[in-house]
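Trainee: Before I ask anything, here is the structure I am working with.
The values are calculated or read from the model by the stated rules, or taken from the named source; none is laboratory data. Small disclaimer: the values here were computed from a predicted structure and weren't measured. Methodologically, a virtual Cβ is constructed for each residue, glycine included, from the backbone with ideal geometry; neighbour enumeration extends over all protein chains shown.
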Amino acid sequence: MKTSVMMRRLAAMIAVVSLAIVWPLAIATAQGAEEGVANFYCNKFQGKKLANGEVYDKTKLTASHKTLAFGTKVKGANLDNGKSVVVTINDRMKKSNPAVTDVSRQAAEDLGFTKSGKAKVKLEVEK
């Protein structure tokens with residue numbers, strides 16, 4: 001009797017752990033396209049620790065997002081000039097932030113909005 005109870009508890013724990021691992025990936029793939037404003041990290045963040053534990057490097061193609069899993073590859077397209085870039089999500093944004101993403105300085109340069117500081121973008125998860 002005790003063995004069957006333990007087996008059910010173990011199965012439940014495995015299910016919960018599996019869900020915790022798979023759920024963020026499911027959200028990332030189901031997310032589809034998202035449009036809104038993108039900002040970029042200013043130079044004062046260079047060398048600072050990010051939410052995923054990495055150190056921010058303004059020369060890499062990285063970004064932050066409110067819900068996408070760390071490591072997710074996202075294509076960002078500037079809706080005003082048509083330029084696009086693929087970035088890797090490595091930081092978390094506050095839910096209250098009105099922007100859809102903050103990108104590295106290199107990504108902002110590739111998207112062509114370092115002078116204005118922000119741009120209207122479309123984000124699509126790479127598959």
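Trainee: Applying the selection to region 34-84, what residues are of a type in the set (Val, Ile, Thr) and in contact (Cβ under 8 Å) with a residue 60 or more places away in the chain?
Mentor: If the condition is that a residue be of a type in the set (Val, Ile, Thr) and in contact (Cβ under 8 Å) with a residue 60 or more places away in the chain, then 37 is the only one that fits.
Trainee: Among the residues of region 42-58, are any surrounded by 15 or more Cβ atoms within 10 Å (Cβ to Cβ) and assigned to a strand (DSSP E or B)?
Mentor: no
Trainee: Only residues that are in contact with a Ser or Thr (Cβ under 7 Å, 6 or more places away or on another chain) and among the hydrophobic types (A, V, I, L, M, F, W, C): list them for region 59-106, please.
Mentor: 61, 63, 77, 87, 89, 93 - these are the residues of region 59-106 that are in contact with a Ser or Thr (Cβ under 7 Å, 6 or more places away or on another chain) and among the hydrophobic types (A, V, I, L, M, F, W, C).
Trainee: Scanning for something surrounded by fewer than 22 Cβ atoms within 10 Å (Cβ to Cβ), of a type in the set (A, V, I, L, M, F, W, C) and within 25 Å of residue 47 (Cβ to Cβ), does region 103-120 turn up at least one residue?
Mentor: Scanning region 103-120 turns up no residue that is surrounded by fewer than 22 Cβ atoms within 10 Å (Cβ to Cβ), of a type in the set (A, V, I, L, M, F, W, C) and within 25 Å of residue 47 (Cβ to Cβ).
Yes/no matrix, rows are residues, columns are (1) hydroxyl-bearing (Ser, Thr, Tyr); (2) more than 30 Å from residue 117 (Cβ to Cβ); (3) modelled with pLDDT under 55; (4) in a helix (DSSP H, G or I):
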| site | (1), (2), (3), (4) |
| --- | --- |
| 4 | yes, yes, no, yes |
| 9 | no, yes, no, yes |
| 16 | no, yes, no, yes |
| 21 | no, yes, yes, yes |
| 24 | no, no, yes, yes |
| 27 | no, no, yes, yes |
| 32 | no, no, no, no |
| 35 | no, no, no, no |
| 39 | no, no, no, no |
